[in-house]
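*Asks:* I'd like to ask you about the structure that follows.
The values are calculated or read from the model by the stated rules, or taken from the named source; none is laboratory data. Because the structure is predicted, anything quoted here is derived from the model rather than measured. Neighbour counts are summed over all protein chains in view; Cβ atoms, including those assigned to glycine, are modelled from backbone coordinates with ideal geometry.
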Ligand SMILES: CC(C)(COP(=O)(O)OP(=O)(O)OC[C@H]1O[C@@H](n2cnc3c(N)ncnc32)[C@H](O)[C@@H]1OP(=O)(O)O)[C@@H](O)C(=O)NCCC(=O)NCCS
């Protein structure tokens, strides 16, 4: 979609991104706002769900030429595996702008940015609460594969998938 540009999160876009993220992930245990805002202040924080210290956070925003902020995605590291891995953070597209390739643009952007961090792996977890089929389809298409599936503790009827991409391997969109 050529009327959408991906740019780094800034003080101009952060409020819109936080309210879009809050509307998409309103049932999550942890608010996306903490991580998104910390990406600008460059401060680490302790994730209340995992107990991990999250640092080196960066976010990017999808800006539609007429409608403004329509999507976002982040990268972060956590203290348990920062020697080898970078993680995909909160990722979403406004419901009115889905199925136009914006999510794919955002995901391809962070895969490229992740490679610049010189880590071995790009990791992401996703719960089956969301329409995970779409996200899983996108991840698998880029070679990001499920490594482990666990029961989601706050809601035992759901699972959490942990996925991983070997960044040093040659990857291409199929
Ligand atoms: C996942 C999400 C970011 C995808 O954004 P998007 O802009 O619609 O993504 P795209 O338009 O680039 O579509 C990506 C792929 O998913 C497919 N797809 C998108 N919506 C779909 C749907 N409702 N049903 C089936 N496939 C779908 C597209 O066909 C495309 O596949 P292709 O590349 O093989 O053609 C968006 O659906 C979303 O914000 N979901 C809620 C939050 C979420 O689940 N985030 C991820 C948590 S880890």
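*Asks:* Give me the pairs: first residue in segment 146-159 and surrounded by 10 or more Cβ atoms within 10 Å (Cβ to Cβ), second residue modelled with pLDDT under 80 and in a strand (DSSP E or B), beta-carbon distance under 6 Å, and six or more apart or on different chains, which are they?
*Replies:* Close Cβ pairs (under 6 Å, with a partner that is modelled with pLDDT under 80 and in a strand (DSSP E or B)) amount to 152/127; 158/127.
*Asks:* From the list 46, 86, exactly one residue is in contact with a strand residue (DSSP E or B) (Cβ under 6 Å, 6 or more places away or on another chain) and at pLDDT 95 or above. Which is it?
*Replies:* Checking each option against the conditions leaves just 86.
*Asks:* Residues 69, 13, 53: which one is in contact (Cβ under 8 Å) with a residue 24 or more places away in the chain and surrounded by fewer than 18 Cβ atoms within 10 Å (Cβ to Cβ)?
*Replies:* Of the residues listed, the single one that is in contact (Cβ under 8 Å) with a residue 24 or more places away in the chain and surrounded by fewer than 18 Cβ atoms within 10 Å (Cβ to Cβ) is 53.
*Asks:* Which of (1) touching a residue at least 12 places away in the same chain (Cβ under 8 Å); (2) within 13 Å of the ligand (Cβ to nearest atom); (3) surrounded by fewer than 15 Cβ atoms within 10 Å (Cβ to Cβ) is the odd one out, the single condition residue 140 does not satisfy?
*Replies:* (1)
*Asks:* For the structure I just gave you, tell me whether residue 20 is within 13 Å of the ligand (Cβ to nearest atom), at pLDDT below 95 and in contact with a strand residue (DSSP E or B) (Cβ under 8 Å, 6 or more places away or on another chain).
*Replies:* The answer is no for residue 20.
*Asks:* Mind checking which pairs have a first residue in segment 99-111 that is without any contact (Cβ under 8 Å) to a residue 24 or more places away in the chain and a second that is assigned to a helix (DSSP H, G or I) and near the ligand (Cβ under 6 Å from one of its atoms), Cβ under 9 Å, 6 or more apart or different chains?
*Replies:* Cβ pairs passing all conditions: 99/134.
*Asks:* Looking at segment 100-137 only, could you name the residues that are within 10 Å of the ligand (Cβ to nearest atom), closer than 27 Å to residue 68 by Cβ and either at pLDDT 95 or above or under 12 Å from the mean Cα position of the chain (by Cα) (or both)?
*Replies:* 100, 101, 102, 103, 104, 105, 106, 107, 108, 124, 126, 135, listed by residue number.
*Asks:* Quick one: in segment 89-99, of everything that is closer than 21 Å to residue 148 by Cβ and touching a helix residue (DSSP H, G or I) at 6+ places or on another chain (Cβ under 6 Å), which residue is farthest from the ligand (Cβ to nearest atom)?
*Replies:* 89
*Asks:* As an exercise: evaluate residue 85 against (1) near the ligand (Cβ under 7 Å from one of its atoms); (2) under 15 Å from the mean Cα position of the chain (by Cα) and give the number of the one condition it does not meet.
*Replies:* (1)
*Asks:* Can you pull out the helices (runs of 4 or more DSSP H) entirely within segment 1-119 that have at least 1 residues that are more than 25 Å from residue 143 (Cα to Cα)?
*Replies:* Per the criteria, 14-24, 32-41.
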